[in-house]
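The values are calculated or read from the model by the stated rules, or taken from the named source; none is laboratory data. Source: prediction; values computed, not measured. Neighbour counts are summed over all protein chains in view; Cβ atoms, including those assigned to glycine, are modelled from backbone coordinates with ideal geometry.
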Amino acid sequence: MPRVFVVAELNDGVLNDLSLQCIGAARAMAGADGTVVVLLPGTGAAAAAAPLNAPGVAEVLVADDDRLAAYTTEPYLAVVKAALAGRPAEAILLPATTIGNDLGAALAAALGAACVTDADGVGAEEGRPAAWRVGFDRKVRTVWVAAEGRPLVATLRDGAAEAPAGSGTAAVEALSLDGAVSQTPCRVVRRDVAKKTVNLRDAKVIVAAGAGVGGPEGLELIRRLATALGAELGGTRAVVDAGWMSADRQIGQTGATVRPDLYIACGISGAIQHRVGMLDSRTVIAINTDPNAPIFRSAHYRIVGDLKVVIPKLLKLLGA
Amino acid sequence: MANYYTDNKDLAFIVERVVDWPAILALKEDFGSPDCPWSGPDEAKATFVEMLRDPVGEIAANRIAPRAEEVDDIGCRFDAGRVIFPDALERNLKDLRDAQLMGMTIPRRYGGLQFPETVYTAAIEIISQADASLMNFFGLQGGIAETIAQFASEELKERYLPRMSTGEFTGAMALTEPDAGSDLAAVQTRAKDASGGEGIAARQDPTTGQWTISGTKRFITNGCGDVILVLARSEDPEKKGGGRGLSFFLVEKNPRVRVRRIEHKLGIHGSPTCELYFDECPAWLIGARGMGLARYTAWLMLAARLAIGAQALGIAQAALAEAEAYARQREQFGRPIREMPQVAAMLADMRMLAEAARAVLYATSEIVDLHQGAEVRGLKEETRRYGRLAEALTPIAKYYTTEAANRICYDSLQVHGGNGFMQEYPIERLYRDVRITNIYEGTSQIQINWAIPRLVRGDLDDLMGALAAREYADADLARLHQEVLRSYEVYKSVIAWLREKDNSFREMTGPQVIDIFVEIYAAFLLLRHAELWDHKRAVAARFIRRLGPRVAMNRDLVLNARLETLEA
Amino acid sequence: MPHTIAVIAREVWDTRDLTGQILDEAGGLRPGALQTRFDPEDLNALELALRIKDAHGARVVAVGLGAPRQVEVLRECLYRGADAAVTATGDLAAADTAAHARRLAGAVRSLGRVDLLLVGTAVPDDDNSLLARHLAAELGWPAVSWVDAIEELAVDRVVARRAVEMGYEYVETPLPAVLAVGVALLEDDPRAPRPAKAMLKLKMKKAEIPTVPATDEPAPLTLRVRREAVPPRAIETATVDPENEAALRAMLDAALKGA
Ligand SMILES: Cc1cc2nc3c(=O)[nH]c(=O)nc-3n(C[C@H](O)[C@H](O)[C@H](O)COP(=O)(O)OP(=O)(O)OC[C@H]3O[C@@H](n4cnc5c(N)ncnc54)[C@H](O)[C@@H]3O)c2cc1C
Ligand SMILES: Cc1cc2nc3c(=O)[nH]c(=O)nc-3n(C[C@H](O)[C@H](O)[C@H](O)COP(=O)(O)OP(=O)(O)OC[C@H]3O[C@@H](n4cnc5c(N)ncnc54)[C@H](O)[C@@H]3O)c2cc1C
C-alpha cells in the first residue's frame, strides 16, 4: 500500500495524541515500500508538530494560519485538499474525534472516496484499503473495503493502533496556503471549552459515575470512594452534560478509552457508547439498582443495589 | 426501552385477546358514519392497542415513573391560599396534555378521543403503575367529564368539555363533607340565609335562575382544579329529606370557592386533598333537581370504582415487579431468596392474585362499557340489563382489586425484608399509596353493603349461570371447571340461607359472602383465559386448588357468625 | 414566513442487548434475529425540530428512505407533530452512506424551500459515514455536526451549540444548512424525546406518505461490505449481595489485588 496520508489534529495548540496512533496505523498500512505523509492544520501547528516526525514518516506538513483557529469544516477541508493535490493517497487517516469524524466525512464526500468513521482498525483486503468497526453490540465486525479506484478515508478510534516510538527524519514543512483557506460560511462565535487537565488513560483505578448518582450530592459519595481508593474520577456523558463533572473525565466513544486494573461503575446503565470506553478494564465492579442494566454484562462483580446504600458500606470497609 | 403496556404481558393479553371489543364497539361506535374514525372493530382495536403502547405505556415508563420518587418526596404544598405542585408533577401534567391523553373518554365532538371505558381502565392502570398519585388527575378526569357529557346542558358541555379534553381544565368531585362520608345522604353544604342562620345549601335566585352554593366540603381530591362537581342540598329538608333532596352542580373555579387547607397524608403525596369552602358560590345545576345522589352520583360511581380498581391494580403491578426483581437478586444462605419455598410461594400468590383481580376488573369494565353504550343509544332493555350487572359488579370489582392490591403490596414489602421498610426502595411508597384505594370512592365495607342485596336478589345469577354452563374440551380444564362448580353450589346454598336473614346479618357476613362470590367468579374467568394462553393454566390451577377450601371456610364463618362486641 | 425544517428519520437495527447469533453462514444478517427501531438520534433531531416549531412556528417535514421494515418511523414522526412526511426510494441494504445521501437529498430538494435539514449524528452500526456531511455535499449547504441545542434562530441564519470533547462551541451558519444533532437534550428531565400525541395518532393513521421518485443517477458505490462474527468475550460475573459485608470485603480484596 504505497501512499497513506494522515490528518493530525490540534486542540487549542495541543496535539491530539490520537494523531500519533493514526501514524502508527498509517505506517503499518503503507508497509516497507509505501510513504506516510502527515498534515497538521491549525493555529500554532508549527510549534506543536515535532512529535509527528515519527520513524517512517516521509513528510510532515503544517498549515499554521490564523483563519484555522477554531474548527469549521470548509477551510480545513480546503487545506487538506490543497495538501493532497500534489500528494495523491490511497488512504487518508484521521482521529475519530468530533473534528476528525466531521472532516473525514466531508473529505470523503468531496473526493468521492470510501469512508469509514469510528474504525477499530485499518488494513488491506485483496489489495484494497479496508477499515473495520465492531458493532451490533460487539457481536459483528463489519469490514468495509474501498471500491476499485477509490481512496479510503478512515477515522480511527482510540486503541486502533499503537503510537510509534522514537523520532524520524522528515523535515517539518509549511504548506503554502495562498488561496487555499476559503472563505467560510460558518463562524465559531463563542467557545466554552475547558483545558484538559486529567489523563484517565494512565489511571490504575477509576471510579466512574453515571446519571444514577442523581446530582452533585450523590457525586460527592463517588468522589469519596475515589479518594479512599486513590482512584481517578470518571463519568458518563450524561453526568458531564448535566454539568456535574468536567468533560475531560468522560469515558466512552466520545470521551476517553480507559484500561485500568479496576473500574467501578456507579449508577451507569452501560450504553454501548460508554462500554466501548471501558471494556478492556481488567476488573469491573458495577453498582446499579436495575438488575437488567447492560453494564452488568461487562462486569466481573455485579451489585444490584442503591449506590447511596452500597457505597457507604464500601467506604466503611475501606476504613474511610 | 421499558414500556408499561408491552412489558405487562397479562394486561396485553386481556386487552388483545380477552375483551370483547366488537360487542362494545357495536354499541359505542357507528362504523361507516363520517364521525367514526375506523372502518370496523378490528381497526379500532388496533388503534387502542397502539395507543396504550405509545403514548400511554411509553410516557408512563420513561417519563412519569422516573419522577415518582421526587413527586412523593416533595409533595403538594399550601401557601397563601394556593396549592403548589411539585415541579415533577407539573411536568407530568404537561406530558399528559402534550400527549393529548386528558380527554380519553370525552366524545370526539368535544375534542376527546371517545375511547371505551375499558381502554381508559387499562390506561389508568398503566399510569398508576408509574405514579399512583398522578392517576387522580388522569383517572378522575374521565368520570367527571363523562357525567357532564351525559347529563349537563349543551351549553355546559360546550363550555367545559373541550377544555377538559385538552387538559387545560382538570376536574374534582366534591361529595364528602365533615359529617357526610360513607353516608352521602347526610350531605348539607349549608348556607347562611339572609338572617344569618343556617339555611338551605343550594339556593336559586328566583329571577335569574342562578344557583349559589355555600358550605364546606372535605377531602376533595384536586379541589384546586377548574371544574368541580358538587353534591349539595337543594330541596327543603322538611319536604324532601335525605338523598332525595340532593342535586348535582357544576362549579367553575372562582374566588367564591376557596381551598382552606390541604391534608398531610400517608400516601399519594402528588395528589392534593383539599378542604373547600363555598361562599355563595355561583353554580350550574346538572340534570334534574333531587336526582343528585340517586342518579348522577350513582352513575359517576360506576366509572369511578373502575378507575380506583385500576389504580390499585397498577400499584400492585409495580409492587409485584419490585418483589420479583428483588427476590432474584437478593441472596441469603447462599442462594437467591426467590428459591426459598416460602418466598417462592409468596411470589406465586402475588402474581396469581394480581391476575385474578385483573380478570375481574376488565370483565366488569366491559359490562360498564356495554351499559354506557346501551344508555347512549337509548336501548331501554339493554340499559336495564347491563345496568343491573354493572351496579352489582363494580362494587365487587373495586373491593376485590383494592384489597388484593393491598395484600400484594404487603407481601412485596415482606419479600424486601428490612430494605422494604426503607425509603430507598420504591415498595415503601407503593405500600403507602395503595392504602387509600380501599377507602376512597366508598370504603370496602360500603362496596360490600352495596353488593350484598344485589347478590341476594340474584342480579348476577344469569351471568354466573352462563359461566357455569360452559363446557371445556380440554380434560384438565374440564376437571378444574368441575371443582369450581362444586364451590358454586356452596355459594348458591349460602345465598339461599341468607335470604332468610335480616339486613344487619347480611351486612355482617358480607365480606365472607362477597369473597365466596368473587373468587368463584375469578375462577370461572381464569378458566376461560386458560383456553387462550397456556400460562393461565398454571394460574387457574393454583387459584382453583385453593378455591374449595377457602369457600368452605368462608361458608363456615358465615354460618357461625354472631354480632357481638368484645370491648371490655 | 416560518421556517421549513426537514428531518431525516431512519429505521435502524436495534443493537442493544442482542442475544444469540445474528449472522448467517454467509455473513448476512439473519432475518428475524434483529428488530429495528427509530434511530434514537434522528428522534432527537425530530424533537429539536418540534421544539423549534413549538417556540417559533415552523413546518416540519420528515424524510425517510425505503419501505418500512418493522417500524413506521415516518408515521411516528407524524404522530409526534411533524406536518408531513415523504419517502425517498432507495435500497437500504446497499450500505453506503453516500448513496443514501444522494437519494435523501433528492427528496429534500423536492420539498421546495427548506431552511434547515436536521439529522442524527450517530453513525448506526450498519452505516459507514456521517450522513449529515454527505447530505451537505449533495445539497451544497453548510453543515454543523454534534449540535445539541439551537442558541439563536433568525430568518437567514442559525447559531447552533456544538458539543466537542471538552465543552461547547457556538457556531453560526447561514441558512439553508444541515445540522447533525448529537446526544441532544441530555440535560432534560427525563432524557426522553416526546411520545406520540393521541389525537394526531388517530388523525395520521392513514395519512398519505408520498414517495419521491429518484431523478438523478444513483451515487456509485464507494465500498464493499463484509461482516464476520466476533467471538463473545467471556466475562464471568459474580453477583455480590450488598447486604453481605463479608462478600463485599472479599470482592474488594480480590479486585484491589495488584491494582
Ligand atoms: C454518538 C454518541 C456518543 C456518545 N458518547 C458517549 C460517551 O463517550 N460516553 C458516555 O458515557 N456516553 C456516551 N453517549 C451517551 C450514551 O448513549 C448514554 O446516554 C450514556 O452513557 C448514559 O449515561 P448513564 O449511564 O450515566 O445514564 P443512564 O442511562 O440514565 O443510566 C443511569 C443508571 O443509573 C441507575 N441508577 C439510578 N439510580 C441509582 C441508584 N440510586 N443507585 C444505583 N444505580 C442507580 C439506573 O438504573 C440506570 O441504569 C453517547 C451517545 C451517542 C449517541
Ligand atoms: C386522600 C383522600 C381523597 C379523597 N378524595 C375525595 C374526593 O375527591 N371527593 C370526595 O367527595 N371525597 C373524597 N374523599 C373522601 C372519601 O370518599 C371518604 O373518606 C370515604 O368515602 C369514607 O368516608 P369517611 O372518611 O367519612 O369515613 P366514615 O364514613 O366515617 O367511615 C369510617 C369507617 O366506618 C365504616 N363504615 C361507615 N359506614 C358503614 C356501614 N354502613 N357499614 C359498614 N361500615 C361502615 C367505613 O367503612 C370505615 O371503615 C377522599 C378521602 C381521602 C382520604
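Here are a few things to note about the model shown:
- Scanning the stretch A:233-245 for residues that are away from chain C (no Cβ under 12 Å) and either within 16 Å of ligand 2 (Cβ to nearest atom) or among the charged types (D, E, K, R) (or both) turns up nothing.
- Yes/no for B:Thr394 being out of contact with any Leu (no Cβ under 7 Å at 6 or more places or on another chain) and either away from ligand 1 (no atom under 16 Å from the Cβ) or not assigned by TED's automatic domain parsing to the domain that holds B:Pro336 (or both): no
- B:Thr118 hydroxyl-bearing (Ser, Thr, Tyr), more than 16 Å from ligand 2 (Cβ to nearest atom) and more than 14 Å from every other protein chain (Cβ to nearest Cβ): yes
- Residue among B:Arg499, B:Arg429, B:Arg457 that is within 16 Å of ligand 1 (Cβ to nearest atom) and in contact with a helix residue (DSSP H, G or I) (Cβ under 9 Å, 6 or more places away or on another chain): B:Arg429
- Only one of the listed residues (B:Glu428, B:Glu424) is more than 16 Å from ligand 2 (Cβ to nearest atom) and not in a helix (DSSP H, G or I). That residue is B:Glu424.
- Checklist (1) within 16 Å of ligand 1 (Cβ to nearest atom); (2) surrounded by 14 or more Cβ atoms within 10 Å (Cβ to Cβ); (3) more than 15 Å from A:Pro260 (Cα to Cα) applied to A:Pro216, failing item: (2)
- Any hit, the stretch C:137-145, residues being at pLDDT 90 or above, facing chain A (nearest Cβ under 7 Å), part of a helix (DSSP H, G or I) and out of contact with any Leu (no Cβ under 6 Å at 6 or more places or on another chain): yes
- Selected residue [in a strand (DSSP E or B), crowded, with 24+ Cβ neighbours inside 10 Å and more than 16 Å from ligand 2 (Cβ to nearest atom)] from B:Cys281, B:Cys274: B:Cys281
- Residue in the stretch A:164-181 that is in a helix (DSSP H, G or I) and hydrophobic (A, V, I, L, M, F, W, C) present: no
- Summed over the stretch A:99-155, residues that are within 22 Å of the chain's Cα centre (by Cα) and among the basic types (Lys, Arg) total 4.
- When B:Ala327, B:Ala348, B:Ala319 are screened for being within 14 Å of chain A (Cβ to nearest Cβ) and either over 26 Å from B:Ile448 (Cβ atoms) or in contact (Cβ under 8 Å) with a residue 40 or more places away in the chain (or both), only B:Ala327 passes.
- Of the strands (runs of 3 or more DSSP E) lying entirely inside the stretch C:1-81, those containing at least 2 residues that are closer than 30 Å to A:Ala293 by Cα and modelled with pLDDT of 90 or more are C:11-13, C:36-38.
- The strands (runs of 3 or more DSSP E) located wholly in the stretch A:57-131 that include 1 or more residues which are free of Cβ contacts under 8 Å to residues at least 24 places away in the same chain occupy A:121-125.
- Any hit, the stretch B:182-196, residues being away from ligand 1 (no atom under 16 Å from the Cβ), in a helix (DSSP H, G or I), modelled with pLDDT under 95 and among the small types (Gly, Ala, Ser): yes
- Test: residue in the stretch B:44-55 that is crowded, with 19+ Cβ neighbours inside 10 Å and acidic (Asp, Glu): yes
- Some residue of the stretch B:501-521 being over 21 Å from B:Ile452 (Cβ atoms) and assigned to a helix (DSSP H, G or I): no
- Output for the stretch B:431-472, where each listed residue is within 16 Å of ligand 2 (Cβ to nearest atom) and aromatic (Phe, Trp, Tyr): B:Tyr431, B:Tyr440, B:Trp450
- Counting the residues of the stretch B:199-249 that are in contact with a helix residue (DSSP H, G or I) (Cβ under 8 Å, 6 or more places away or on another chain), within 10 Å of B:Gln188 (Cα to Cα) and part of a strand (DSSP E or B) gives 4.
- Odd one out for C:Val230, checked against (1) facing chain A (nearest Cβ under 8 Å); (2) over 30 Å from A:Glu148 (Cβ atoms); (3) among the hydrophobic types (A, V, I, L, M, F, W, C): (2)
- Top-ranked residue of the stretch C:103-123 - restricted to ones that are within 14 Å of another protein chain (Cβ to nearest Cβ) and part of a loop (DSSP other than H, G, I, E, B), ranked as farthest from ligand 1 (Cβ to nearest atom): C:Val123
- Of the set (1) more than 30 Å from B:Leu320 (Cβ to Cβ); (2) among the charged types (D, E, K, R); (3) surrounded by fewer than 16 Cβ atoms within 10 Å (Cβ to Cβ), all apply to B:Lys28 but (3).
- Test: residue in the stretch C:244-256 that is within 7 Å of chain A (Cβ to nearest Cβ) and exposed (fewer than 12 other Cβ atoms within 10 Å of the Cβ): no
- Evaluation of C:Ile235 against (1) within 7 Å of chain A (Cβ to nearest Cβ); (2) of a type outside the set (Asp, Glu); (3) surrounded by 14 or more Cβ atoms within 10 Å (Cβ to Cβ) (one fails), failing number: (3)
- All positions within the stretch A:182-217 that are of a type in the set (Lys, Arg), in a strand (DSSP E or B) and in contact (Cβ under 8 Å) with a residue 40 or more places away in the chain: A:Arg187, A:Arg191
- Residues within the stretch A:288-309 that are touching a residue at least 40 places away in the same chain (Cβ under 8 Å) and either among the aromatic types (Phe, Trp, Tyr) or within 8 Å of another protein chain (Cβ to nearest Cβ) (or both), tallied: 1
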